[in-house]
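Read the structure below first, then the notes.
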Amino acid sequence: MKNFVVVGASLAGLRAVEAARKDGFDGRITLIGGEEHLPYDRPPLSKQFLYEDDELDTTFRSRSYLRDDLGVDLRLGTWARGLDIREKRVQLDTGEIGYDALVVATGSRARTLSDYDHLDGVHTLRTVDDARAVRAALASAVHVVVVGAGFIGAEIASAARRRGLDVTIVEAAPVPLVRALGDEMGEACSALHVRNGVRLICGAHVQEIEGTRRVEAVRLGDGTRLPADLVVVGIGADPATAWLESSGIAVERGLTCDATLATSAEGVYGAGDIVSWHNRTFGQSMRLENWTSAAEQGRMAARNALGLGEPTAYATVPYYWTHWYGMSLQFVGLPTAEETQVVSGSVDSDKWVTLYRLNDRLVGALAVNSPSVIMKCRMMINNGVSWQEGLDFMAERRRASSGV
Ligand SMILES: Cc1cc2nc3c(=O)[nH]c(=O)nc-3n(C[C@H](O)[C@H](O)[C@H](O)COP(=O)(O)OP(=O)(O)OC[C@H]3O[C@@H](n4cnc5c(N)ncnc54)[C@H](O)[C@@H]3O)c2cc1C
């Protein structure tokens with residue numbers, strides 16, 4: 001094995017090249033990234049990055065570290081345009097590159113309201129360039145409309161409120177975050193917007209964004225007109241698979257991978273947001289868009305692709321965190337539950353823990369401003385503990401903290 005190529009120079013791609021070297025691969029490594037930037041961290045872009053006018057540097061590693069310490073041939077500003085799985089070659093906009101092993105880590109792309117992309121003041125937030133544009137717009141905005149009450153929309157609303165701006169969130173679903181947190185907790189968490197002075201309009205769709213060169217207002221389906229000088233669209237992201245379309249590699253709701261992250265093409269593995277794979281922990285196929293899985297999959301895809309040790313299945317309890325209005329929200333597991341129970345604190349306060357039950361198993365946990373409990377819950381879910389064991393664990397913690 002001589003030539004290891006990674007396409008996508010972000011979290012999963014970076015972890016892949018780091019793992020390759022750490023685990024002893026001494027062949028050639030090429031890391032290809034479409035953006036001009038060194039690999040950087042995305043979560044702060046919708047949080048701290050927007051709070052201040054001074055720029056926060058979220059770069060993971062320096063160019064010299066990648067080149068000299070890891071011996072990586074880093075090709076930034078280079079887009080992969082196609083893949084020849086028979087000849088084992090990636091077509092780039094600058095030529096072609098052959099591989100013996102390939103990790104595809106091209107992540108997700110933000111969905112847009114494409115009819116309005118041309119209007120000044122309408123933004124999405126996926127890249128550091130997007131974040132710079134949103135931050136600059138926040139500095140002079142008065143009325144902000146956020147379309148989509150998902151995690152990123154919520155963080156942008158929170159950042160805008162921190163700057164004292166007038167903020168409205170427009171959400172198509174009757175309750176926000178149902179797919180991520182379930183009905184009850186979606187409702188409970190979205191109440192945080194209202195408590196922090198944000199107007200939340202649910203079950204509404206954007207009929208039109210008004211303005212000729214610049215955005216002036218958002219008009220909803222029921223005729224409501226929301227004046228706006230900044231609109232941020234946070235309506236989710238799609239896997240960046242377009243460049244693979246004619247390759248013949250299996251793609252379905254993401255790049256299809258088996259439990260070891262191998263794709264349908266020999267020598268090609270997937271990692272990060274782009275991957276749809278069979279997660280043995282829950283016996284179902286998933287595509288996750290969270291930091292922890294992208295990092296873990298990057299490492300594992302490289303090891304499995306390069307045959308560094310026995311092939312390992314990637315099985316995980318999903319973990320996502322977010323920050324709104326100075327509060328930390330963390331979720332582990334699955335939100336598809338038959339029952340949720342608030343087992344510590346209360347949803348009317350700023351601190352609580354909710355457990356999720358499916359059949360007789362603990363399958364999920366939400367911790368709001370309760371960081372010490374979440375990794376323990378993740379471990380319990382991973383170990384397949386019963387619902388009762390989950391409840392007993394939390395009862396024991398309550399007793400211990402009250403000193404009874
Ligand atoms: C604003 C924001 C906030 C977030 N906050 C959180 C959070 O609080 N908690 C959490 O758990 N997760 C969060 N996430 C999710 C987390 O950042 C992602 O799960 C993670 O970045 C995925 O990493 P990745 O390497 O798979 O993909 P990406 O980070 O999407 O990177 C893919 C890279 O591939 C490049 N690329 C795409 N196509 C091509 C091509 N054809 N050729 C070459 N290069 C290509 C892209 O330009 C990009 O640089 C957040 C994401 C965003 C955008």
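No lab work stands behind these numbers, since they all come straight from the coordinates. Since the structure is predicted, the reported quantities are computational estimates derived from the model, not experimental observations. Cβ: placed from backbone, ideal geometry, glycine included. Neighbour counts: every protein chain shown.
Numbers below:
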| item | result |
| --- | --- |
| Global form of the range 62-114, assessed from the alpha-carbon gyration tensor, a/c cut-off 1.5 | oblate |
| For Gly211, net neighbour charge (Lys/Arg +1, Asp/Glu -1) across residues whose Cβ lies under 14 Å away | -3 |
| Total formal charge among the other residues, if their Cβ is under 13 angstrom from that of Tyr356, Lys/Arg +1 and Asp/Glu -1 | -2 |
| Label point distance in nm, Ser372-Asp129, each placed 7 Å from Cα along Cα→Cβ | 4.6 nm |
| Evaluated at q = 0.10, 0.18, 0.19 Å⁻¹: base-10 log I(q)/I(0), Debye formula over Cα of the range 247-397 | -0.41, -1.01, -1.08 |
| The range 153-215 versus the range 281-304: alpha-carbon centroid distance in Å | 29 Å |
| Positive minus negative residues near Asp54 (Lys, Arg vs Asp, Glu; Cβ under 13 Å) | -2 |
| The chain: relative contact order as a whole-number percent, Cα under 8 Å and 6+ apart | 15 percent |
| Taking Phe151, Phe60 and counting other C-beta atoms within 10 Å, the order from fewest to most | Phe60, Phe151 |
| Most mobile listed residue (Gly364, Gly270, Gly211) in the chain, GNM with C-alpha springs under 10 Å | Gly211 |
| Leu391 versus Leu76: modelled label distance in nm, points set 7 Å from Cα along the beta carbon direction | 5.4 nm |
| Which of Ile32, Ile156, Ile97 has the fewest Cβ neighbours within 10 Å, and the rest in rising order | Ile97, Ile32, Ile156 |
| Relative contact order, percent, the range 194-234 [alpha-carbon distance under 8 Å, six or more residues apart] | 27 percent |
| The chain - mean residue ellipticity at 222 nm from DSSP helices (-39,500 (n - 2.57) per run, n ≥ 4, rounded to 500) | -7500 deg cm²/dmol |
| Total charge dipole magnitude, the range 278-404, about the Cα centre, Cβ charges on Lys, Arg, Asp, Glu only, Debye to nearest 20 | 260 debye |
| Label zone at Ala400 (point 7 Å along Cα-to-Cβ), backbone N below 19 Å, the range 315-350 | 343-345 |
| Where trypsin sites (Lys or Arg not before Pro) fall in DSSP loop in the range 45-95, at most 11 other Cβ within 10 Å | Arg86 |
| Proxy reagent accessibility, fewest Cβ within 10 Å first, across His118, His193, His143, His205 | His118, His205, His143, His193 |
| Principal axis box of the chain, alpha-carbon based, largest edge first, Å | 61, 58, 37 |
| Förster radius 41 Å - calculated FRET efficiency between Ala139 and Ala250 (Cβ-Cβ, nearest 0.05) | 0.35 |
| Kirkwood-Stokes translational diffusion coefficient of the range 112-233, alpha-carbon pairs, 37 °C, 0.692 mPa s, µm²/s | 229 µm²/s |
| Cα-only Debye scattering, the range 326-402: base-10 log of I(q)/I(0) at q = 0.11 Å⁻¹ | -0.23 |
| Choice from Ala154, Ala301, Ala136 showing the highest fluctuation, given a GNM over the chain with Cα pairs closer than 10 Å | Ala136 |
| Listed residue (Cys377, Thr58, Ala242) projecting farthest to the positive dipole end of the chain, Cβ model | Cys377 |
| Estimated distance in nm for a label pair at Asp93 and Ala242, the labels positioned 7 Å out from Cα along Cα-to-Cβ | 1.1 nm |
| Over the range 26-179, equivalent-ellipsoid semi-axes from the Cα gyration tensor in Å | 36, 19, 14 |
| Sequence-separation-based contact order of the range 112-233, relative, with Cα cut under 8 Å and 6+ spacing, percent | 33 percent |
| Set of the range 104-118 residues, backbone N closer than 17 Å to the point 7 Å along the Cα-Cβ line of Arg219 | 115-117 |
